[in-house]
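The values are calculated or read from the model by the stated rules, or taken from the named source; none is laboratory data. Every value quoted in this text rests on a predicted model; they were computed, and no experiment measured them. Virtual Cβ from ideal backbone geometry, glycine too; neighbours counted across all protein chains shown.
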Amino acid sequence: MAEQAMLQVRHLCTSFFTEKGEIRAVDDVSLEVPAGKIVGIVGESGCGKSMTARSVMGLVKAPGKVKSGEILLDGRDIAALSEHERCAVRGSEISMIFQEPMTSLNPVVRVGRQVEEALILHEHVKRHEAEERAAEIFEAVGIPDARKRLRAWPHQLSGGLRQRVLIAMAMICRPKLLIADEPTTALDVTVEAQILRLMKKLCESGTSILLISHNLGVIAQVCDYVYVMYAGRIVEQADTFTLFDHPCHPYTKGLLDSVSSLRSGARILDTIPGVVPNLLHLPAGCSFSLRCGCCGEGCADLLPGLIETEPGHRVRCHLFDKEEPA
C-alpha cells in the first residue's frame, strides 16, 4: 500500500497456553490500515479475526498472550506501552465496536452515561457538555428520540439500538482508528446501510477503520483493501476490486463461490468441504490443505510464504510458488 499507514501490524503472534498445548490463534500476521481508509478482514468463524483485533487493542487475557510483534498506531508502538498508558490510548486514539451488544454494555448503568464516560475520562469535559455530545452522536448513528434514549437501560433497547449505542460509544472521541467487529450483525438491512454510510463519513473526516466481517457483501461495499484469514494466518491480501475480480487462493475462491452460487439461483449452495481445523493439530504446511481441492504433494508439509502475484496482491499458496511447485 502506497498510502501513509495509520495502523501497522508486523509479525503479530498471539497464543493461548492450555494443558493440551499451545494454541496459535494469531500466527505471524502483518497488515496495514492506511489513513482515512477502510480495511477489511474476512474469513470463517474461528479463523482469528476477532483475536487479531483484541491483540491490537491489548485486550487479550490469560491464558492468552501476545507473544511477539509490533503494533504501530500513527508510528508509535502501542504494544510496548504499559497497561496504564494503553488505557489512555484506548477510547481516545483507538476504539473498538464489539460483536455482542448485550454483553458489551453494563446492564446497571444507563446507556447515555456509558457513552458520556469516555468523553469525561479522555477529554475531561463537564457532565452537561458530555451529555450534549452524546445526544448528537446518538442522532448521528440513527437512534430515534436521542435525548430520551440517553436515560434508557440496556435491557430496554432492541438489539439493533444496543448495537448503535456501541457504535456511538466507539465514535464519541473521534479516534484515529476504529476497529469494528461485525458491527452490523444485529441490524436489519436498512439500518445496516445507514451504519455503513456513517462509517464512510468517518473516513472522510480522517478516521481509519479496520472492519472485521464474514459478510462479503459488506466488505465489497465499503472496504478499500481486504485481508483473508484462515486458521490464524493471512492467506491473501489485495485491494477490494482485485480480490473480488481475481481471487487467487483456493480458500478465497471458495468463499466467493458460495455467495455467487446463491445469487445465480443454484438449487445447491456451493460450500467449502470440512471445517476450520483444530489449532492444536494443524499440518506443518498449508493449513487449508486439509480442505483444499487443489492440494498437491508437499502442501501439507511445506508452509508457503506470502507470494506477490502482482503489485499489492499477495497469496499464501504453493500454486504460485515457483520454487516449491505443488
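Quick notes
- Residue check, ALA193 without any contact (Cβ under 8 Å) to a residue 60 or more places away in the chain and closer than 25 Å to MET51 by Cβ: no
- Any hit, segment 85-93, residues being basic (Lys, Arg) and under 25 Å from the mean Cα position of the chain (by Cα): yes
- Among residues of segment 1-47 being assigned to a strand (DSSP E or B) and acidic (Asp, Glu), the one that is surrounded by the fewest Cβ atoms within 10 Å (Cβ to Cβ) is GLU22.
- Taking segment 70-127 as the region of interest, the helices (runs of 4 or more DSSP H) fully inside it that hold 3 or more residues being over 17 Å from VAL60 (Cβ atoms) and without any contact (Cβ under 8 Å) to a residue 60 or more places away in the chain are 111-123.
- So ILE137, is it in a helix (DSSP H, G or I), among the β-branched types (Val, Ile, Thr) and buried (at least 19 other Cβ atoms within 10 Å of the Cβ): yes
- Of the listed requirements (1) closer than 24 Å to SER205 by Cβ; (2) among the β-branched types (Val, Ile, Thr); (3) surrounded by 15 or more Cβ atoms within 10 Å (Cβ to Cβ), ILE120 misses just one: (3).
- Taking the listed residues SER95, SER158, the one that is of a type in the set (Ser, Thr, Tyr) and either on the phi > 0 side of the Ramachandran plot or crowded, with 18+ Cβ neighbours inside 10 Å (or both) is SER95, with no other qualifying.
- Per the listing ILE219, ILE167, the residue uniquely under 30 Å from CYS317 (Cβ atoms) and buried (at least 21 other Cβ atoms within 10 Å of the Cβ) is ILE219.
- Filter pass, ASP188 being in contact (Cβ under 8 Å) with a residue 24 or more places away in the chain, crowded, with 18+ Cβ neighbours inside 10 Å, among the charged types (D, E, K, R) and over 21 Å from LEU319 (Cα atoms): no
- Scanning segment 275-318 for residues that are in a helix (DSSP H, G or I) and of a type in the set (Gly, Ala, Ser) yields SER287, SER289.
- From ARG76, ARG90, residue being charged (D, E, K, R) and within 19 Å of ALA118 (Cα to Cα): ARG90
- Subset of segment 292-320 (residues that are closer than 13 Å to GLU236 by Cβ and without any contact (Cβ under 8 Å) to a residue 24 or more places away in the chain): PRO304, GLY305, ILE307, GLU308
- Flag if LYS67 is in a loop (DSSP other than H, G, I, E, B) and assigned by TED's automatic domain parsing to the domain that holds CYS203: no
- Criterion: within 16 Å of the chain's Cα centre (by Cα), assigned to a helix (DSSP H, G or I) and within 26 Å of GLU117 (Cα to Cα) - qualifying residue of LEU202, LEU211, LEU196: LEU196
- Pairs, first free of Cβ contacts under 8 Å to residues at least 12 places away in the same chain in segment 139-160, second assigned to a helix (DSSP H, G or I) and of a type in the set (Phe, Trp, Tyr), C-beta under 7 Å, six or more apart: ALA146/PHE138
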